[in-house]
1. Of the residues in segment 102-126, how many are buried (at least 21 other Cβ atoms within 10 Å of the Cβ) and among the aliphatic types (A, V, I, L, M)?
2. Search segment 321-358 for residues being among the β-branched types (Val, Ile, Thr) and under 21 Å from the mean Cα position of the chain (by Cα), and hand back the single one that is farthest from GLY396 (Cα to Cα).
3. When segment 53-86 is examined, which residues are found to be assigned to a loop (DSSP other than H, G, I, E, B) and of a type in the set (A, V, I, L, M)?
4. Take segment 61-103 and flag every residue that is of a type in the set (A, V, I, L, M, F, W, C) and without any contact (Cβ under 8 Å) to a residue 12 or more places away in the chain.
5. Please name all residue pairs, on different chains or six or more residues apart, with Cβ atoms under 6 Å, provided the first residue is in segment 359-386 and is without any contact (Cβ under 8 Å) to a residue 40 or more places away in the chain and in a loop (DSSP other than H, G, I, E, B) and the second residue is open to solvent by 20 Å² or more (accessible area, probe 1.4 Å) and of a type in the set (Lys, Arg).
6. Is there any pair with a first residue in segment 282-300 that is over 11 Å from ALA426 (Cβ atoms) and a second that is of a type in the set (Val, Ile, Thr) whose Cβ atoms are under 6 Å apart and which are 6 or more apart or on different chains, and what are they?
7. Filter segment 225-275 for residues that are among the aliphatic types (A, V, I, L, M), open to solvent by less than 70 Å² (accessible area, probe 1.4 Å) and either in contact with a Gly (Cβ under 6 Å, 6 or more places away or on another chain) or within 25 Å of TYR109 (Cβ to Cβ) (or both) and give the result.
8. From the list GLY162, GLY240, GLY233, exactly one residue is modelled with pLDDT under 95 and either outside any loop (DSSP other than H, G, I, E, B) or not charged (D, E, K, R) (or both). Which is it?
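The values are calculated or read from the model by the stated rules, or taken from the named source; none is laboratory data. Treat the numbers as computed from the prediction; the structure is a model and nothing was measured. All Cβ positions, glycine included, derive from the backbone under ideal geometry; neighbour counts span all protein chains shown. Heads up: the accessible areas ignore ligands, DNA and RNA and are worked out on the full protein's heavy atoms, side chains in. Shrake-Rupley method; radii C 1.70, N 1.55, O 1.52, S 1.80 Å.
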Amino acid sequence: MPRPSFVRFLAPILAAGLGAGPAVAETVSSFTLDNGMEVVVIEDNRAPVVVHMVWYRAGAADEPPGVSGIAHFLEHLMFKGTDDLGPGELSRIVEANGGSDNAFTSWDYTAYFQRVAADRLDLMMEMEADRMRDLLLTEDAWQTEREVILEERSQRIDGDPGAIFGEQRRAAQYLNHAYGRPIIGWRHEMETLTREDALDWYETHYAPNNAVLIVAGDAAPDEVRALAERHYGVIPPAPGIVPRDRPSEPPQMSERRLVMEDARVAQPYVMRTYLAPERDAGAQQEAAALTFLAELLGGSPVNSVLARKLQFETRQAIYTAAFYDGLSLDDTTFGLVTVPAPGLILSEAEAAMDRAIAEFLEEGVNAEDFARIKAQIRADQIYARDNTERLARRYGEALTSGLTVADVQAWPDVLQAVTEDDVMAAARAVFDKRRAVTGWLTRPETDSAEVGQ
């Protein structure tokens with residue numbers, strides 16, 4: 001049978017680190033311009049191509065109350081032109097030069113990138129620097145684009161019960177921290193976003209001393225430095241850029257639970273997420289152990305702990321997973337998912353998942369599984385070096401999430417140093433229901449069991 005719709009959202013998390021083809025060691029240089037812009041150069045001379053990325057340390061979790069979605073809204077508006085480029089002209093020029101471009105927003109950053117022939121790097125920097133300082137927003141442009149993001153929300157969130165469920169779960173997970181608000185924004189606030197809101201966000205956050213430039217591919221550090229100084233180095237720093245100081249979560253004293261019913265749900269499931277530590281600069285060991293824990297419990301549809309116990313031994317589930325992503329400026333989550341087998345109600349599926357976790361905590365790590373996953377993670381880290389764009393994203397995500405170049409380079413060794421005892425210590429620390437949100441997504445009247453059974 002087809003996999004449940006929510007799997008497509010988990011797949012990028014569960015498959016992170018996979019690559020193919022011959023791998024090469026990455027050659028990385030970094031420096032900072034006089035105006036505070038951080039620059040990272042990842043050399044790869046096998047093809048005359050470069051990936052040019054500008055990352056801003058400003059995402060959905062940095063938005064002030066009442067204007068959720070403004071970071072993503074401005075991402076769209078950044079393609080509406082400058083004093084030198086007309087609406088959409090940047091993308092048309094990139095395409096005319098045989099390249100591709102796009103942008104994306106997360107809770108911790110907003111990024112813009114182009115993939116082009118190496119001899120077009122100068123042009124890419126010229127255009128990206130232009131929209132860093134000279135964005136123009138006409139009355140028609142911002143209103144039209146607001147309708148675009150509202151339609152995007154309708155299609156991606158409002159039309160998908162799994163996506164709505166995910167929003168509700170995050171809102172329950174984070175009572176005070178802005179990770180509890182959706183990146184795209186709450187609809188009622190998106191509807192009231194204005195041109196002034198967008199310009200305020202742009203003028204506050206879009207500055208060289210709040211940005212990271214990543215150039216990966218066929219470009220030498222000296223060449224990149226000269227181009228960066230010519231195009232970005234002349235932009236004055238913004239005096240208002242300060243370290244990000246976000247509201248923190250109050251201590252969570254008890255488990256939170258929610259049940260969402262929607263007639264459109266094709267396959268009911270249980271999802272539980274626990275607050276978990278992120279990768280911290282100079283202290284990535286616990287995050288590395290949690291990375292192994294996720295792989296051991298739910299990284300494989302055949303060989304993982306949850307798959308063996310629930311899908312094959314007891315046949316109480318048709319799908320199981322565990323997921324963790326430590327690239328986060330503040331506390332992140334560790335998650336578990338189980339899709340019950342036909343005839344099993346959600347309360348029974350949740351109880352089976354709890355028993356499997358309890359057994360794992362008692363039995364410990366299987367040595368053969370641990371050795372296999374360690375080898376796989378090592379191979380994945382090596383193969384990932386073969387993908388220039390993924391390498392650029394790896395550094396950009398890390399540097400805008402509080403890590404350093406040294407942390408990124410140390411990560412493979414930190415992973416290899418993880419022991420079975422480290423994994424079990426991380427498991428005992430993270431599996432505390434007082435720091436968890438347990439959610440059921442189901443169809444109306446498909447499970448008569450009370451919440452909490």
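1. 5
2. Only one residue tops the list, namely VAL337.
3. Answer for segment 53-86, where residues must be assigned to a loop (DSSP other than H, G, I, E, B) and of a type in the set (A, V, I, L, M): ALA58, VAL67, MET78, LEU85.
4. Scanning segment 61-103 gives a single hit, ALA96.
5. Cβ pairs passing all conditions: none.
6. GLN284/VAL414; GLU295/ILE373; LEU297/VAL305; GLY298/THR320
7. Within segment 225-275, the first condition is being among the aliphatic types (A, V, I, L, M), and the residues that meet it are 226-228, 234-235, 238, 241-242, 253, 258-260, 263, 265-266, 270-271, 275.
Then keep just the ones that are open to solvent by less than 70 Å² (accessible area, probe 1.4 Å); that gives 226-228, 235, 238, 241, 258-260, 265, 270-271, 275.
Within segment 225-275, LEU227, ALA228, ILE235, ALA238, ILE241, LEU258, MET271, LEU275 meet the criteria.
8. GLY240
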